[in-house]
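See below for the structure under consideration.
The values are calculated or read from the model by the stated rules, or taken from the named source; none is laboratory data. As the structure is a prediction and not an experimental result, all values here were calculated from the model. Methodologically, a virtual Cβ is constructed for each residue, glycine included, from the backbone with ideal geometry; neighbour enumeration extends over all protein chains shown. Surface accessibility is based on the protein's heavy atoms, side chains included, excluding ligands, DNA and RNA. Shrake-Rupley method; radii C 1.70, N 1.55, O 1.52, S 1.80 Å.
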Amino acid sequence: MLACTIHAKEDLRIESATTPDVGPGEVLVRLGSGGICGSDLHYYFEGRNGSFVIREPLIPGHEASGVIAAVGAGVTRVKPGDKVAVSPSHACGRCEACRQGREQLCANMKFLGSASLFPHVQGMFREYFVMGERQCYPVAGDVSLGELAFAEPLAVGLHAVNRAGDLLGKSVLITGAGTIGCLTVMAARLAGAVQVTVSDVLERPLAKAREVGADRVVRADRDNGALASPQFDVAFEVSGNFAALKSCVAGAKKGARIVQVGTLPHEPLPFVVNELMAKELDLCGAFRWGIEFDWAVQYLSTRRVDVRPLLTEQFPLQDAVKAFALAKDKNKSTKVQVICA
């Protein structure tokens, strides 16, 4: 089989690998579609994702769908031929966080396509991979494998909205109109937000945000004053940009909640913390997802959430370098995927 492997900064190779065997309770999945995420881009173009540095060849990819090719002994959840969304989260199920129902905070997490551990946890940008059966969510109907690969990023948006509390009738700001920002727009709409404003510094992402449900879009680099007065009940900082977080603080009403979704640089906060105190703002984080992955699969399978406007292009796995190049260019793309030809 073929595998997409990152060896170092801008060193991505399509290599031959041995198709893995399945054991009891495991399944062999043939890749359907794999979405290129921001962390994948960091690994390829920088050789690292924050403090996680590539120290051995890494197969990226944690947003994926596939078709069950074979099953091991004792598997009952899926059967060969099933179309599945695949969860990249391998929580231990035993630590305190897992027992409290917060598996995304698992003390022993193994997350696919990550260099956070050594040996690295290999991802799903390969023709075949083995998963535990509980990681696979079978789906019937005409929903495509490309759509199912959105389950992971949609779960991120759903978890962010879940962390925000009740959104019914609320005015919402979302800073950042990439894939996660647009999916957060959809999640906020599902939760009952009455008005959704999205900011970004590029026209194409803002157009996509409006297409998927934003009421108002703002070019933050040209009209940041539009966000300077308190007007939002809830703000989601999705871009991972300090200037955007500052806009969230400025635009938040007294008593509002700000949810930090994007990964910020390791630097001091860009605002006076007294602003949080004086306005009684709640600043909370949203990290990955838990039960929201299950919800995401359900929303996608019924097209209650229609992600098709966000899928820009699909490339055969052999053309992964071209796929990564397009995924990096936010003037031309939202979500780019690799597929098995």
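Taking the Cβ of Leu245 as the centre, find all other residues whose Cβ is under 13 Å away and add up their charges (Lys, Arg: +1; Asp, Glu: -1). Show your work: numbers first, answer last.
Details: positive: Lys246; negative: Glu237, Glu267, Glu275.
It works out to a net charge of -2.
When N counts the residues of the chain, how does its alpha-carbon radius of gyration compare numerically with 2.2 N^0.38 Å, as a ratio? Intermediate values should be presented prior to the final figure.
On the way: Rg = 19.8 Å, N = 341, 2.2 N^0.38 = 20.2 Å.
Taking N as the residue count of the chain, the ratio is 0.98.
On full extension, the segment bounded by Ser51 and Asp142 gains 28.7 nm, given 0.36 nm per residue less the C-alpha separation. Kirkwood radius for the range 1-80, taken over all pairs of different Cα atoms as the inverse mean of 1/r, rounds to 14.2 Å. If each Cα of the range 192-255 is one equal point scatterer, what is log10 of I(q)/I(0) from the Debye formula at q = 0.13, 0.17, 0.29 Å⁻¹? After summing over all Cα pairs, the log10 values are -0.32, -0.55, -1.47. The phi torsions of the range 301-317, fed into the Karplus equation with coefficients 6.51, -1.76 and 1.60 and a -60° offset, translate into couplings of 5, 9, 6, 4, 10, 9, 8, 4, x, 8, 8, 7, 6, 10, 10, x, 3 Hz, rounded to whole numbers, with Gly and Pro shown as x.
Extension gain, Asn331 to Cys95: 0.36 nm times the residue separation minus the Cα-Cα distance gives 80.7 nm.
Among the trypsin sites (Lys or Arg not before Pro) in the range 149-193, none sits in a DSSP loop with a Cβ that has at most 14 other Cβ atoms within 10 Å.
The Stokes-Einstein estimate for the range 220-341, based on a Kirkwood radius over Cα pairs and taken at 37 °C with 0.692 mPa s viscosity, is a diffusion coefficient of 190 µm²/s.
Could you check how much of the accessible area of the range 1-92 is carbon and sulfur, as a whole percent, using a 1.4 Å probe? Provide the component values of the computation, followed by the final result.
Details: 1850 of 3740 Å².
Answer for the range 1-92: carbon and sulfur cover 49 percent of the accessible area.
Of the residues Val194, Val86, Cys248, the one whose Cα sits farthest towards the positive end of the charge dipole of the chain is Val194 (charges of +1 on Lys and Arg Cβ, -1 on Asp and Glu Cβ, taken about the Cα centre).
Here, P(r) means the percent of Cα pairs in each 5 Å bin from 0 to the largest distance; for the range 160-226 it is 4, 21, 33, 23, 14, 6, 0. Per-residue 3J(HN,Hα) values for the range 137-142, derived from phi via the Karplus relation 6.51 cos²θ - 1.76 cosθ + 1.60 with θ = phi - 60°, read 10, x, 9, 9, x, 9 Hz in sequence order (x marks Gly and Pro).
Alpha-carbon geometry of the range 42-95: the Rg and the Dmax are 15.8, 42 Å, given in that order. The Ser116 and Arg222 beta-carbon pair, evaluated with R₀ = 56 Å, returns a calculated FRET efficiency of approximately 0.90. Ranked from largest, the principal axis spans of the Cα set of the range 146-289 equal 45, 33, 30 Å.
Rolling a 1.4 angstrom probe over the protein heavy atoms, how many square angstrom per residue are accessible across the chain?
Values: 14630 Å² over 341 residues.
For the chain, the per-residue accessible area is 43 Å².
Can you tell me the length gained on complete extension of the stretch Leu269 to Leu202, counting 0.36 nm per residue apart and subtracting the Cα distance? It would help to have the intermediate numbers written out before the result.
Details: separation 67, 0.36 × 67 = 24.12 nm, distance 2.42 nm.
That works out to 21.7 nm of additional length.
Applying the criteria of a DSSP loop state and at most 13 other Cβ atoms within 10 Å to the trypsin sites (Lys or Arg not before Pro) of the range 233-341 yields Arg303, Arg304, Lys332.
Are any of the pairs Lys83/Lys322; Lys170/Lys328; Lys254/Lys328; Lys253/Lys335; Lys246/Lys335 more than 31 Å apart by Cα-Cα distance, and if so, which?
Values: Lys83/Lys322 27 Å; Lys170/Lys328 33 Å; Lys254/Lys328 37 Å; Lys253/Lys335 33 Å; Lys246/Lys335 27 Å.
Listed pairs above 31 Å: Lys170/Lys328; Lys254/Lys328; Lys253/Lys335.
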